[in-house]
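Single-structure report; data block below.
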């Protein structure tokens, strides 16, 4: 068996413990059977295609659009995506929104869902580690001088996502506090409901600059536009992003297939190409 597939087979073994019968041991299942499980879960015949409903953190939308095409093409499943701020999506899930899978921009909310019995215990893992960046449409405004630009305050508006509901907004607040400018620029802050709206504020020139996800400005529609300062990760809490299978999707084969697909080399390559740090997912 090629080493290329070894990680996926290990992941399949682990996922089978959670997605299979609670009374059936899988530790001694032959490798060939595990491989068949892995392959047929990700690549079933299109006629068996199911629908998976995804609650998706806004920062991951452009990346997921690419993942979605690959997943649907290879699996025959279809994906219905609802993007938004992680905090708002979490609230919708708590109040009964019928999502199958939750891609959060943090690890905190998926953990809470597990603890409160709204997610399948043991299904949660990190799918990406985000990179915060300060971006401006002005080509020469930002390079390595992000801290100086923020301290000088020679701008009218700075856009950030709402720190109370969006992890990237919380990280932006931490950076501004670390630079000692949080209180000084309160009158200049423009808050987006989520990181997608924050980018729109800056791209439409309603703010001269704003804190967004690197993946957003690496999107083909945005690439090579404007200027940016990539924030050192040491200036804020890690943007570890977890995905979890929700109770409503526990028996949905498409939801399970999507989680397994995220561990594939194809998915990892796409995620890293869009500006995320490697977070090799390890299924329980």
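Using the basic label-point model (7 angstrom from Cα toward the beta carbon), what is the residue 50 to residue 74 distance in nanometres?
1.9 nm
Subtracting the Cα-Cα distance from 0.36 nm times the residue separation, let me have the gained length for residue 225 to residue 143 in nm, one decimal.
The span from residue 225 to residue 143 would gain 28.2 nm if fully extended.
If I model a spin label at residue 247 and residue 190 as a point 7 Å from the Cα along the Cα→Cβ vector, what separation in nanometres do I get?
4.2 nm
Under a point spin-label approximation (7 Å from Cα along Cα-to-Cβ), what is the residue 200-residue 269 distance to one decimal in nm?
For the pair residue 200/residue 269, the computed spacing is 3.4 nm.
All of the numbers you see were taken from the coordinates with simple rules; none came from a lab. No experiment lies behind these values; they were computed from the predicted model shown. Here Cβ is always computed from backbone atoms with ideal geometry, including for glycine, and neighbour counts include all displayed protein chains.
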